[in-house]
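To start, the structure under review is shown below, and the notes come after it.
The values are calculated or read from the model by the stated rules, or taken from the named source; none is laboratory data. Computed from a prediction, not measured in an experiment: that's the story for all the values here. Ideal geometry is used to build each Cβ from the backbone, glycine not excepted, and the neighbour counts take in all protein chains shown. Note: accessible area is taken over every heavy atom of the protein model, side chains too, but ligands, DNA and RNA are not part of it. Shrake-Rupley method; radii C 1.70, N 1.55, O 1.52, S 1.80 Å.
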Amino acid sequence: MTETRPAAARTPLGRRFGLLMGVLLLSSLGNGLCFPFTSIYISRLLGLGSRAAGGYFIAMAAASFAAALLGGPLADRRGPHRVGAIGGAALAVGYGLLAPADGVALVLVSGACVGVGFGLFYASIVGVVDLAVPESGRRTAFTVRHIVNNAGIGCGSVVAGLALHGAGTPAGTLRWLYLANALAAVPLVVVIRALRPGAADPRTPEETAEEAAETAPETGGGTSGPTYRTLLRVRPMALLVVAQALFAIVGFTQIEATVPLLMHDHMGITLGWVSAVVAANSFALVALQPLLSRRLERLPETVSLAAGPVLWAGAFGCGLGAALAGPSAPDAVRHGLLLAFAVVFAAGELTYSSAFYPLLLRWSGDEAVGRASALASLAWNLGTASGPAIGLFVISQSSVTGSWVALAAGAGAAFAVSAALHRPAADRKRAADA
């Protein structure tokens, strides 16, 4: 078994993965065209009011939750490529329905379809990416996937901003953008559906089965694979799911929602520089990936995962430095520290993305990848739903310096959970070796 690993390590990610990332970039770009404007489109431009806009997002959240729970076991039984393709098709239908929408009923149906699409897609995407790469390429693959997703959404937002700038009929322009978003999902459906298990893994079926037997949770003698309850009874898996929620709460939602408001409203940073800091974070993801990928692959995945919150705490420390410098400091100092915040935070994102999903795949076992992916998706949704409210409450109750300290403390909590994963991983490895 170990004799085949060096050969796998020399295997490039290949055309399958490149094609998958290409269509994922296109789909993410389509999402970026529309998502920031959906509530405005429904409530104001269609004239349906805030209740209809709220109903859209409620329908989407409820459908996504249910679809993720159902999609996890379905992906384990039928294959992630089939479930992912259905999810992509539901996204295309949902966004396509929103383009001609003129009443509340069609808006709610659209929201439900989009929710089903997201739920099924995120319950299967981990398995889909794993189908496209050898085991040795997992860490790089999931890092690239994180970058592609962010780059696509960012580029889509820029394109939408240019299209809507000065548009005489914004509603009409957005209808075309929603149609473009629907069409952008079609190539993703085709490519995912064409993936087949086994082509990317150079190991023999016997070796794959042997590793699955060593790493998979106990099933209690059943034949249908581990259940959600079984997975959560495994301490490393439970910790990993909690860590996922914390990463969303104290990390990703804070840079998207809390930090921009903190910089603009409480530190007097102009909107232009707020935009520059956000853009610097996106560009840093792309620039740092080739520099860090080899170094990250030398680290144990649990160490790489724990390094993410440490880097985020350092990034928030840069923001604290800019706050302590105050408006009397030279702009180069304050802006330089905020740009350093963006770059260091991006490094933390890369350490997270290179480790989280490979650990999820290893600890779930081949029979429960879909269920584990669904749990990770639900934890992420919980974090993204609660993170902005928590962050905004913190900055409303604290001083500027206290807010940055609180953000760093949140990163410390995420570190505590992710660091606790290192010992179970080491214990499990020793047990497998024995």
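Full extension of the segment from SER293 to ALA329, taken as 0.36 nm per residue of separation minus the current Cα-Cα distance, would add 9.3 nm.
Full extension of the chain segment joining ALA171 with LEU392 gains 76.5 nm, where the gain is 0.36 nm per residue of separation less the Cα-Cα distance. Hydrophobic long helices, here whole DSSP H runs in the chain with Kyte-Doolittle means of at least -0.5 and Cα atoms spread over 24 Å or more along the helix axis, are found at 14-34, 49-78, 80-98, 104-132, 138-164, 170-194, 271-298, 301-325, 331-364, 369-397, 400-419. Counting only heavy atoms of the protein chains and using a 1.4 Å probe, VAL310 has close to 80 Å² of accessible surface. On a per residue basis, the range 1-152 carries 40 Å² of accessible surface, using protein heavy atoms and a 1.4 Å probe. Using a probe of 1.4 Å, the accessible surface attributed to ILE58 totals some 120 Å² when neighbouring protein chains are kept in position. Label-to-label distance, VAL190 versus GLU256, with points set 7 angstrom from Cα along the beta-carbon direction: 2.9 nm.
Taking each residue as 0.36 nm, the span from HIS264 to ARG229 lengthens on full extension beyond its C-alpha to C-alpha distance by 8.2 nm. Rounded to 0.05, the FRET efficiency of the LEU164 and ASP102 pair, given R0 = 25 Å and the Cβ-Cβ distance, is 0.80. Of the residues CYS113, CYS155, ranked by 1.4 Å probe accessible area with the largest first, the sequence reads CYS155, CYS113.
When nucleic acids and ligands are ignored and a 1.4 Å probe is applied, HIS264 ends up with an accessible area of around 70 Å². Scan [x] 25.8, 92; [y] 21.9, 71; [z] 40.2, 142 for the value of Rg and Dmax of the Cα atoms in Å calculated from this model and give just the label. It is the value labelled [y]. Each label point was placed 7 Å from the Cα along the Cα-to-Cβ direction; for LEU271 and ALA66 their separation is 4.0 nm. Atom-type composition of the exposed protein surface of the range 253-316 places 65 percent of the accessible area on carbon and sulfur (1.4 angstrom probe). The residues of the range 296-425 expose, per residue, 36 Å² of accessible area to a 1.4 Å probe. With a simple spin-label model that places each label point 7 Å from the Cα along the Cα-to-Cβ direction, the separation between ARG78 and ILE58 comes to 3.0 nm.
Ligands, DNA and RNA left out, the accessible area of the range 58-105 computed with a 1.4 Å probe is 74% carbon and sulfur.
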